[in-house]
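Asks: Quick one: this structure, given as structure tokens, is what I'll be asking you about.
The values are calculated or read from the model by the stated rules, or taken from the named source; none is laboratory data. Every value quoted in this text rests on a predicted model; they were computed, and no experiment measured them. Quick reminder, even Gly has a Cβ in these numbers, built from the backbone with ideal geometry, and neighbours come from all protein chains shown.
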Amino acid sequence: MENKFGTKIFILDETLRGQKLKSIKLKHPGNDKQAVFLLCESRKEIYELLSFNEKHRSWFIDESVASNGQIYMPMIIDPLYIVLSYLVKCDPKKVQPIQHVLEDSEFHDIKYLMNVIDVKELKMVHQIGPEDINAFKYNESKALEWLKKKCLIVVEALKKSNVRTGQNVTSQTYVNVNGNSDENAYLLTAHGIVSEYISMELSTKLSSFMNIVDESKQVNGAKRKSIVDLENVNMKKSRLSDETNFKVNEPETKESKKAKQKNEKLAKAATGSKNILSFFNKKS
């Protein structure tokens with residue numbers, strides 16, 4: 001795919017071949033930060049745009065070189081997660097049309113979400129009045145029930161794929177093995193995945209609602225790192241936004257400290273010494 005920023009490499013599902021995809025910027029439901037999504041209105045689907053990036057990587061395409069070595073991967077998500085992030089901020093006693101719920105002066109692209117959502121699927125709200133009006137008010141108990149079903153769907157998918165869960169597996173790395181894991185470990189992992197698309201407060205309530213025991217006390221903080229800067233990313237796998245780059249300073253190890261001290265001593269000993277190349281300069 002080529003645009004004004006140059007050639008980019010996308011890994012797309014075969015079913016998206018020939019489909020028209022629209023790039024939009026929305027508030028991510030998990031952290032309220034700007035993120036890039038791809039909209040396929042003909043299929044009524046929305047995809048979160050992730051990227052995999054390593055330093056010093058380029059692509060050879062035919063007879064040219066693409067300096068942007070990132071791989072972009074659209075991942076389909078349920079648009080109701082985005083709707084839910086707006087609903088939870090509404091007054092639970094106030095009834096209003098869904099069009100009014102999805103109003104955002106900062107993210108104008110939210111208007112496109114109406115083209116891919118099915119209002120009848122809004123199980124986390126209580127509908128008031130006739131269906132043609134589509135007036136709703138947020139219902140937390142229904143939202144938690146809906147999220148619980150999402151978690152159970154993820155659990156079944158993990159089991160079907162023979163994915164190991166537990167303390168030996170991080171939230172971003174899953175290993176296929178034979179055998180069954182503890183049921184609570186599956187719920188814990190599923191809860192962590194779903195929590196990437198809901199607020200921290202709602203994640204905590206969902207954990208309590210499902211009676212999930214978190215022995216490691218790490219699930220609620222295990223959200224995927226948000227990406228920064230669509231065109232200049234230093235993370236390996238991230239979600240796309242428009243923020244600036246950041247650099248993580250690595251802690252100084254004992255070995256690196258010794259090497260640093262050694263270099264300082266060598267530099268001190270070399271003070272006043274001539275560069276070896278100076279002996280080969282022409283005499284004036």
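Asks: Spot the failing condition for Asn168; the list is (1) assigned to a loop (DSSP other than H, G, I, E, B); (2) at pLDDT 95 or above, and only one is missed.
Replies: Asn168 satisfies all of (1) assigned to a loop (DSSP other than H, G, I, E, B); (2) at pLDDT 95 or above except (2).
Asks: Any chance you could count how many residues in the stretch 113-151 are among the basic types (Lys, Arg) and either in contact with a Phe, Trp or Tyr (Cβ under 8 Å, 6 or more places away or on another chain) or assigned to a loop (DSSP other than H, G, I, E, B) (or both)? Walk me through it before giving the result.
Replies: Step one: filter the stretch 113-151 for residues among the basic types (Lys, Arg), giving 120, 123, 137, 142, 148-150.
Right, trim to either in contact with a Phe, Trp or Tyr (Cβ under 8 Å, 6 or more places away or on another chain) or assigned to a loop (DSSP other than H, G, I, E, B) (or both) and you get 123, 148.
Of the residues in the stretch 113-151, 2 are among the basic types (Lys, Arg) and either in contact with a Phe, Trp or Tyr (Cβ under 8 Å, 6 or more places away or on another chain) or assigned to a loop (DSSP other than H, G, I, E, B) (or both).
Asks: Looking for whichever is closer than 25 Å to Thr15 by Cα, assigned by TED's automatic domain parsing to the domain that holds Ser23 and aromatic (Phe, Trp, Tyr) here; the options are Phe52, Phe60. Which one fits?
Replies: Working: Phe60 fails: closer than 25 Å to Thr15 by Cα.
Sole residue among the options that is closer than 25 Å to Thr15 by Cα, assigned by TED's automatic domain parsing to the domain that holds Ser23 and aromatic (Phe, Trp, Tyr): Phe52.
Asks: I need the full set of residues from the stretch 41-52 which are touching a strand residue (DSSP E or B) at 6+ places or on another chain (Cβ under 7 Å) and either among the basic types (Lys, Arg) or surrounded by 18 or more Cβ atoms within 10 Å (Cβ to Cβ) (or both), in order please.
Replies: Matches in the stretch 41-52: Glu45, Ile46, Tyr47, Glu48, Leu49, Leu50, Ser51.
Asks: Quick check on my filter: what residues within the stretch 71-82 are buried (at least 21 other Cβ atoms within 10 Å of the Cβ) and either of a type outside the set (A, V, I, L, M, F, W, C) or in contact with a Gly (Cβ under 8 Å, 6 or more places away or on another chain) (or both)?
Replies: Within the stretch 71-82, Pro74, Pro79 qualify.
Yes or no, residue by residue, for (1) surrounded by fewer than 16 Cβ atoms within 10 Å (Cβ to Cβ); (2) in the same structural domain as Leu38 (by TED's automatic domain parsing); (3) under 16 Å from Leu26 (Cα atoms); (4) in contact with a strand residue (DSSP E or B) (Cβ under 6 Å, 6 or more places away or on another chain):
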| site | (1), (2), (3), (4) |
| --- | --- |
| Leu84 | no, no, yes, no |
| Gln99 | yes, no, yes, no |
| Ile117 | no, no, yes, no |
| His126 | yes, no, no, yes |
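Asks: Could you tell me whether the stretch 92-102 includes any residue that is touching a Pro at 6+ places or on another chain (Cβ under 7 Å), closer than 19 Å to Ile198 by Cβ and modelled with pLDDT of 80 or more?
Replies: no
Asks: Which residue, of Leu144, Leu152, is surrounded by fewer than 18 Cβ atoms within 10 Å (Cβ to Cβ), at pLDDT 85 or above and touching a Leu at 6+ places or on another chain (Cβ under 7 Å)?
Replies: Of Leu144, Leu152, the one residue that is surrounded by fewer than 18 Cβ atoms within 10 Å (Cβ to Cβ), at pLDDT 85 or above and touching a Leu at 6+ places or on another chain (Cβ under 7 Å) is Leu144.
Asks: Pick out, from the stretch 57-112, the strands (runs of 3 or more DSSP E) lying fully within it that include 3 or more residues that are among the aliphatic types (A, V, I, L, M) and in contact (Cβ under 8 Å) with a residue 60 or more places away in the chain.
Replies: Output list reads 71-77.
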